[in-house]
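Below is one structure; the comments refer to it alone.
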Amino acid sequence: MGWGNIGLSWTRYAKSTPTRNCARCHLDYAEEEDRCPHCGSIEDHEMQDYLHALEEKKKRKNRIIGVFLASLLLYVFIVLFVLPTYLR
Ligand SMILES: [Zn+2]
């Protein structure tokens, strides 16, 4: 699944109002779909790997957000406390 696919399915979900939560992967999908587009094509024995990959993706995203916030804080700290001492 590439980024184009993700974007395409996201716009489809954003437009369609009724959604339901998948019992297997716990992601939301349009009610008109007869099976979950996220895991509908995945066999039962592959589900564990798929859920693990989803979890890893979530963790990676949280890590990126953490790094971003940390650098933002560092930047604010430098601007507020370190720079004024040089400008004096
Ligand atoms: Zn699913």
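Just so you know, all these numbers are worked out from the coordinates, no wet-lab data involved. All figures in this text were calculated on a predicted structure; none of them were measured in a lab. All Cβ positions, glycine included, derive from the backbone under ideal geometry; neighbour counts span all protein chains shown.
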Report the calculated FRET efficiency for A70 and D34 (r = Cβ-Cβ distance, R0 = 41 Å), to the nearest 0.05.
-> 0.40
Straight-line reach check, K57, cutoff 18 Å on alpha carbons, 8 or more apart in-chain or any other chain, hits among aspartates and glutamates -> D28, E46, D49
How far is it, in nm, from the label point at D44 to the one at K59 when both lie 7 Å from their Cα along the line to the Cβ?
-> 2.7 nm
